1. Would you confirm, using the coordinates I've provided, whether L39 is surrounded by 13 or more Cβ atoms within 10 Å (Cβ to Cβ) and in contact with a helix residue (DSSP H, G or I) (Cβ under 7 Å, 6 or more places away or on another chain)?
2. I'm trying to understand the selection: among the residues of the stretch 75-84, which are at pLDDT 95 or above and either open to solvent by less than 20 Å² (accessible area, probe 1.4 Å) or acidic (D, E) (or both)?
3. Restrict the check to the stretch 72-79 and report whether at least one residue is in contact with a Leu (Cβ under 7 Å, 6 or more places away or on another chain) and under 25 Å from N3 (Cβ atoms).
4. State all residues of the stretch 53-74 that are surrounded by fewer than 17 Cβ atoms within 10 Å (Cβ to Cβ) and polar (S, T, N, Q); if no residue qualifies, say none.
5. Which numbered condition trips up E148, out of (1) more than 18 Å from I14 (Cβ to Cβ); (2) open to solvent by 30 Å² or more (accessible area, probe 1.4 Å); (3) part of a strand (DSSP E or B)?
6. So if I check each of V25, V31, V8, which one is at pLDDT 95 or above and either of a type outside the set (G, A, S) or open to solvent by less than 50 Å² (accessible area, probe 1.4 Å) (or both)?
7. Hand me the list of strands (runs of 3 or more DSSP E) wholly inside the stretch 101-144 holding 1 or more residues that are open to solvent by 80 Å² or more (accessible area, probe 1.4 Å) and either at pLDDT 95 or above or among the basic types (K, R) (or both).
8. Give the residues of the stretch 11-22 that are small (G, A, S) and surrounded by 15 or more Cβ atoms within 10 Å (Cβ to Cβ), sorted by residue number.
Amino acid sequence: MGNYPTGVTVITTIDKDGTPVGLTVNSFASVSLDPTLILWSIDHRVSTLEIFKNATKFAVHTLASDQGDICSLFASKGIDRFANCNWELSEQGLPIISGAYGVLQCKTYKQVEAGDHTILIGEVIDIQHQDKKPLLYHNRKFGEIPNEFYN
């Protein structure tokens, strides 16, 4: 699947103790316009699986082209990810990472078990967007979308 170019997202939520959690995800897609639904999937081996499955809401950050370090940070293990980036709590009570290309705050709509992953479907309740270029992932490398895509 690494040969399929995708955007890069970081998904965040708050655990039952109010601690922010997050992880890098490239399995993000649009589902429906009415209502506005999106999906992403989480591996059953991920340590935060139960936190995300029990969450009533989450935020999807589409990373900006200058946020390769954020992508790597939230893909790393054994470190305090939120201590190493700028973020704040939104009005929805979700951890929002600064500088993202776009942020979709969602309430959990449905979950579907699929093989070794759980698909989480969210209903979008807030959308934020910055005038930046998104980060692209392909063949285990990060980069921005070429300028000719914008002509």
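1. In short, no.
2. Passing the criteria: only F82.
3. Yes, that holds for at least one residue.
4. N54, T56, S65, S72
5. (3)
6. Going through V25, V31, V8 in turn, the sole match is V31.
7. Where strands (runs of 3 or more DSSP E) fall fully within the stretch 101-144 and carry at least 1 residues being open to solvent by 80 Å² or more (accessible area, probe 1.4 Å) and either at pLDDT 95 or above or among the basic types (K, R) (or both), they are 102-114, 117-129, 141-144.
8. G22
The values are calculated or read from the model by the stated rules, or taken from the named source; none is laboratory data. What you see is a predicted model; the values in this text were computed from it and never measured. In this analysis, Cβ positions are derived from the backbone assuming ideal geometry, glycine residues included, and neighbour counts consider all displayed protein chains. Accessible surface areas use protein heavy atoms only, side chains included; no ligands, DNA or RNA. Shrake-Rupley method; radii C 1.70, N 1.55, O 1.52, S 1.80 Å.
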